[in-house]
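J.: Once you've had a glance at the structure underneath, I'll fire off some questions.
Here, each number is a calculation from the coordinates, and none is a lab measurement. Nothing here was measured: the structure is a model prediction, and the numbers come from that model. Cβ atoms come from the backbone with ideal geometry, glycine included; neighbour counts cover every protein chain shown.
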Amino acid sequence: MFSQVLAGNMTYWYSQQIPIQINSNLSGNANQLAVDSSTGKPDILYWQILNFLSPEKLQQLWNYLLTARSQFNPAHNSAGLNNYRQSLFTAPPPEIYSEISEKILGALISIADELPNSSQEIGEIEMQITAHNDGHYYKIHNDNGSPDTATRFLTYVYYFYRQPKPFTGGELRLYELAIKDGFYVAGDRYQDIEPLHNSLIVFPSHYMHEVLPIRCPSQRFEDSRFTVNGWIRVATD
């Protein structure tokens, strides 16, 4: 049902149990924020769901994390650029992948009528666990700007970390879209989203975004800004 796939320097879990179609008219408790007051339409579109995992599931995820430090490796950007990204990542085990992907699918159904390409079928969900520690960051990029990522249409980020929060910074900065020479680029306006513990953020993968630098004075792994993050692809068949 699940397979582990190497893609360049990255490793992802893929689910083989979908596609499903997300054309439901249900509305859920996800929040559509950053609405342009002059038009009433979304300016920088994203959804945020608080208290995403139950306390029991969150504790299971945390217990796994504390045993998996040796499995985390330095992350690289797909373009192979130096000084563009600093973080650690690993592929989640199948049980974590299964539980979180099912929760994400449920969240998508609840906001399906607001999604871009809402009549598309979901093809794959990619997932990894990422740790950002002291001095880590990810500069401006989007998530579907290359041929091998072109079918990604939604990006999701689930935040979790030790309480009380042992770091500062690490906000997700989403940029207003602009087009230059036929390509999406970051516009002048942006919105910073605080990485709230046990919250999920979903946004279109073509949005330009970055992770602002993290300050973690202890530099201990367990004090990192952790995410379960990944991408949702449209079906191609």
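J.: Can you give the three extents of the C-alpha atoms in segment 126-202 along their principal axes, from longest to shortest, in whole Å?
T.: In descending order, the Cα extents are 45, 29, 21 Å.
J.: What FRET efficiency comes out for Glu176 versus Leu196 if R0 is 30 angstrom and r is the Cβ-Cβ distance? Round to the nearest 0.05. Present the calculation step by step, with values, prior to reporting the outcome.
T.: Working: r = 22 Å, r/R0 = 0.74.
The formula returns an efficiency of 0.85 here.
J.: Under 14 Å from a point placed 7 Å out from the Cα of Gln71 along the Cα-to-Cβ direction: which residues of segment 125-142 have their backbone N that close?
T.: 127-131
J.: Suppose every K and R has +1 on its Cβ and every D and E has -1 on its Cβ; what is the size of the dipole of segment 90-174 about the Cα centre, in Debye to the nearest 20? Don't jump to the answer; show the numbers that get you there.
T.: Numbers: 6 positive and 12 negative charges, 93 e Å.
The dipole of segment 90-174 has a size of about 440 debye.
J.: For the pair Ala235 and Gln163, what calculated FRET efficiency results from E = 1/(1 + (r/R0)^6), where r is the Cβ-Cβ distance and R0 = 35 Å, to the nearest 0.05?
T.: Working: r = 39 Å, r/R0 = 1.11.
For R0 = 35 Å, the calculated efficiency reads 0.35.
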